[in-house]
1. Apply the a/c threshold of 1.5 to the C-alpha gyration tensor of chain B and tell me whether it is rounded, prolate or oblate.
2. Which one, B:Val303, B:Val14, B:Ser45, is farthest towards the positive end of the dipole of the protein assembly as shown when Lys and Arg carry +1 and Asp and Glu -1 on their Cβ?
3. For the range A:293-402: lysine pairs with Cα atoms under 27 Å, gap of 8 or more or different chains, count?
4. Membrane-span-like helices in chain B: DSSP H runs reaching 24 Å or more (Cα, own axis), mean Kyte hydropathy at least 0.5?
5. Please say if the range A:390-469 is rounded, prolate or oblate, where rounded means a/c under 1.5 for a ≥ b ≥ c the square roots of the C-alpha gyration tensor eigenvalues, and otherwise the choice is prolate for a/b larger than b/c and oblate otherwise?
6. Starting from the Cα of B:Asp416, move 7 Å in the Cα-to-Cβ direction to define the label point; list residues of the range B:179-216 whose amide nitrogen is under 15 Å from there.
7. Can you tell me how the protein assembly as shown classifies by the Cα gyration tensor, rounded, prolate or oblate, using a/c under 1.5 as the rounded cut?
8. Please state the charge dipole magnitude for the range B:55-102, taken about the Cα centre, from unit charges on C-beta atoms (+1 on K and R, -1 on D and E), reported in debye and rounded to the nearest 20.
Amino acid sequence: MTDSKYFTTTKKGEIFELKGELNSDKKEKKKEAVKKVIASMTVGKDVSALFPDVVNCMQTDNLELKKLVYLYLMNYAKSQPDMAIMAVNTFVKDCEDTNPLIRALAVRTMGCIRVDKITEYLCEPLRKCLKDEDPYVRKTAAVCVAKLHDINAQLVEDQGFLDQLRELLSDSNPMVVANAVAALSEISDTSPSPAAQMEMNQQTINKLLAALNECTEWGQIFILDALSNYVPKDDREAQSICERVTPRLAHSNAGVVLSAVKVLMKGMEYVGMETEFVTTLQKKLAPPLVTLLSSEPEVQYVALRNINLIVQKRPDILKHEMKVFFVKYNDPIYVKLENWTSYPSATQENIAQVLAELKEYATEVDVDFVRKSVRAIGRCAIKVEQAAERCVSTLLDLIQTKVNYVVQEAIVVIKDIFRKYPNKYESIISTLCENLESLDEPDARASMIWIVGEYAERIDNADELLESFLEGFHDESTQVQLQLLTAIVKLFLKKPTETQELVQQVLSLATQDSDNPDLRDRGYIYWRLLSTDPAAAKEVVLAEKPLISSETDRLEPTLLDELICYIASLASVYHKPPSAFVEGQALVVRRTQLPVRSASGEPGATGATESPVPQQAQPVQQQQSVIPSHDTAMGDLLGDLLSMDLNPQPQQQMSMTPAPQQDMGGMDLLGGGLDSLLGGPSPVAGMPASQASMGGGLGDILGLGISSTTYVPPKQVWLPAPKAKGLEVSGTFSIRQNVRYMDLTLKNNAMAPMGDFAIQFNKNSFGLSPASALQVPSPLSPGQTADVTLPLGTNGPVQKMDPLMNLQVAMKNNIDVFYFSCLIPIHLLFTEDGQMEYANQTSDRKVFLATWKDIPDSNEVQKEIANPNQLDPKGISDKLQQSFIFTIAQRNVDGRDMLYQSLKLTNGIWVLAELKIQPRSPTMTLSLKTRALDVIPQVQQAYELIIANM
Amino acid sequence: MIGGLFIYNHKGEVLISRVYRDDIGRNAVDAFRVNVIHARQQVRSPVTNIARTSFFHIKRSNIWLACVTKQNVNAGLVFEFLNKMVEVMQSYFGKISEDNIKNNFVLIYELLDEILDFGYPQNADTSILKTFITQTGIKAQVTKEEQSQITSQVTGQISWRREGIKYRRNELFLDVLENVNLLMSPQGQVLSAHVAGRIVMKSYLSGMPECKFGINDKLVLDKSGRSDDPSKVSATGKSSIAIDDCTFHQCVRLSKFETEHSISFIPPDGEYELMRYRTTKDISLPFRVIPLVREVGRTKMEVKVVIKSNFKPSLLAQKIEVRIPTPLNTSGVQVICMKGKAKYKASENAIVWKLKRMGGMKESQISAEIELLPSDKKKWSRPPISMNFEVPFAPSGLKVRYLKVFEPKLNYSDHDVIKWVRYIGRSGLYETRC
């Protein structure tokens, strides 16, 4: 019982002494020495020099000693990889031990040693341990797979450990299942590879639900967290999952309860909107949430942060439970502060009680807490009209206390109340004015000035008051300066005769003596308005103000929906998406959207696309634009001249012209560009000669009529301005010179310039990802439009989307991050090498025919498609070829032309087609055959589009 | 998942540091010390994010326990785990103190190795852990049967009880422990009141007994209402209570409770908490506090507090303590009380009035004159008057109806088990604003 002595060794030469003791013959002495080493390690001393000596102690029967040595190994193996190898033999031997505890210990420790050479040796024992007869070893091995994946993901996939792990999901022992779930979830969370994704079907779900009843509390959390990522097929399934998860709400572990709440909150979204089931479920959620508030303060804090989200999403849940949020005097401050924001909204019935509470809090000591309480009183007033009067009188009482920060906060709040209920409570203005001198915070000063300006006609000495502020104009913050400017202009418009001097003074201060552009701009606007048309000025400045909404302090709905999917996790505590605080490129968010409902309330009916796109990583840092301005101008000019969409970006130029010509002036560029377009010998050399588009494109380019070879759908509005704080994004996709582009038009409908644009894609079915950073002329001033092209790669992370072609995009600018989604036209993904050989020259095998026959008939889909222009087979064939649909053979049967065609998608899926064309008929028959039936509707659509539009 | 776990003393010196994941470096240990333990202002959240690393901490006496992670972990799980860790350590070596931790650091590392694997909490049940993590070291000569018994318990469905337990006398102790919480306005209006109850059991039973537990929960009684005697229910009026919510020890079959409202379980051996519950309706408040505070000028205050006991005269309340806060600028206090002892404690800024016991339906009062130093500091925030007590009944009205024990394999029956039930009501936060 005197292990503490190990902490006190601070002698010099200690390492040397320890070395001696470690090599001692006496077992006891050895053990003592190892303990000393571990103690030093804990305190942060470097004891790595003892590595060989400690490892020598590993061969022992004493389990306690062994564990200590392992602990040492885990810490230092990385710094001494060569020495660590010495330990491998013991590990491998221990993995064969008869004692399951030792087997598990060995495999557990080995996974923690992040040395490549050791990892190699780990594979065999791990494979055995995953199939060990003892569940204790299996559960340890399951976690070890996750460890190995963290060290070497490829190895795990190559060695088939993932499959073994999936098998463990059906293990008879619930703890093994739970650990396997935890490991699989983590792997699919961190790995971009599709093979590592955790496929969950009804069968696995049932197994998990069964294990849920039997495993440890922690295991239940792993399983519930995994369940919350599952998307049920229909509302019946969602309902049955909810039913089986509900009993967990009575668990004593708050983690289990919160995770169960997450599953249920998501489940309710999948079940219909207003069903009885949802109503009863909501009722069942309330008591456990309240119970969480009587656990340890730290758990309470987590619960409160989550309740905040839950109440915002479903305000009904805690409607009747307001009292539990009353703050207790001895609560830690973080619980007190949180109780506030979680408050279920005040209603007419409970307002008296709430106000009494709030007033009580406003006299507390903690400044933040008091401020929040005062603000809450204001919110009540704005929300419940009947209570406004009581709130105002409460606020007045608080102002009488003359406690500085209370007064200031109250004035800010009263300003909002004035805005909500104009011409109702102005009688209190005089009381407010009494406190003018005590205001020293910009917020409060600005609010007070606003009040004076707004009600200038009722305040006799308004001009004096404002003048007093004007004295220190330059020392004020911008916010106050702007407010003062406006207030004085208002005053002038109301009492023109007495205040002319004052207004001139402020205008000159704002326009001449200030270097703040906002202030100068506003000053000039007022000045001109006043000098040209005072009547108009009156209309503008004294216009009726829009009412303010009562729902401040709320999260944006898209963010809220995303956070609901992260209930219980850190994201829900921070109220930030994980991308904001978790590092790592590989971080890929799984399905974290709530389902979006169509008006009918049918789940997933539209496959709607408005859902939030979780960002995969932090917003991309915008690359500095390096193109000198005249170059850009030249590029644009060129583009116009040729009526070609020549992109002025360097990457783009690279693909058009060989490098040496890049830096030359406009003339050369023109020459180079033309050369390449005309298929001149040198510039094109870099491109594959077989490029089909060139042939097709050439004719078009000579006609100078068309800007790209493949069919480009017209631009659509993807992100309407109101949803993105004034940024409107419309776009389309195109292929030019073998490069796929997203063509975007960004329009700034907001009042302020925008800049710092960046773009990111969510994982999508075909792995589309931006190949370079988004280059937007920055800043984009109000009203300005910018056309931008974004080259795309096809080797990004892949995840099957629903609908298949859905692409979720996150766009960032200096204002916010916006999410939208769009559909990728499938022909964007057709590749130029999609021409299947009709027959293999060497073996004389009819490749096309063989492939056609190879695909089962069940995979053939026929459809009548339109041929509005009644094109002949040649015309159709040419047209399709431009979009990389290649005609391989052509036959004429009974007066009908048959075209046999092939195309290949970027992910290697082949689609074979047979097109029957009846002369002079407006329709034709298209039969498609492919192994991936999912793409057929899209391909059919592409055919129709291309034929109709080109 | 959890990337590492550190334990610090109050000075911020690290006592235990166990890193589970590669993304947590040694600098994390220092980051927490600098930004949380040594922070100039008291931290305002138990979760702190420093340079994209999140720290979860709890503090027990003057020891800090912190979990570190760089991932989006389940925050509920982390705090529950930290609390569990404290519980495990306490059951191994008692109070969490710097000395105890230093004395047992080898044991703690061994425990941490077992109950957290790669940051995933594993079985942390003390009764099981004690079977194979012992301070003396596991005996090398454990038989194969014993080994597999240990592992099957660690991973098994009934991970909280080992097989083959035998007692000569089968005995059961059942404690209904309630904390009654109250917040009352100066006018005597109940602002909020709730009872947080726990049912703590000590079971000394042989074999793997199956237990069934029944309380006078309204829901259960209403459901099986017909079989009960209806006259009995109406006669007492309050023979059943409405439980707002309850949570159970992991041994209770939750799905069975959900469907049949019956509490059935195989109990752990020894002491454990079977159930927690919460009620808010029809609470019989054992005491009422009536405050009267009068500010006489700027330098004097008069306080009078009356307490009334409100329960059967035959019962006795114990350990009564009333704490009356005084302003910070108090210079002197004169106290007069008829019963008990009262003292002004300057260090705590309060008058503490203690009564050893008090019968039901009685009244007692204290009055005090407080002299103040003139000060122009901001207003005194008047903290509430708080009270502590212990009463021998359950303020929620909860009654144990039955606890049946079945052990089909061993030949003892429900009748052979000796059962003891005790009710204790204690004050939680029992506050009256003044």
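1. Oblate.
2. B:Val303
3. Going through the range A:293-402 pair by pair, I get 29.
4. Answer set is B:75-93.
5. It is oblate, given that a/c is not under 1.5 and a/b is not larger than b/c.
6. Once the point is set 7 Å along Cα→Cβ of B:Asp416, B:204-210 turn out to lie under 15 Å by backbone N, inside the range B:179-216.
7. Oblate.
8. 80
We did not get these values from a lab; they are worked out from the coordinates using the rules stated. Worth saying up front: this structure is predicted, and the values here are computed from it rather than measured. Neighbour counts are summed over all protein chains in view; Cβ atoms, including those assigned to glycine, are modelled from backbone coordinates with ideal geometry.
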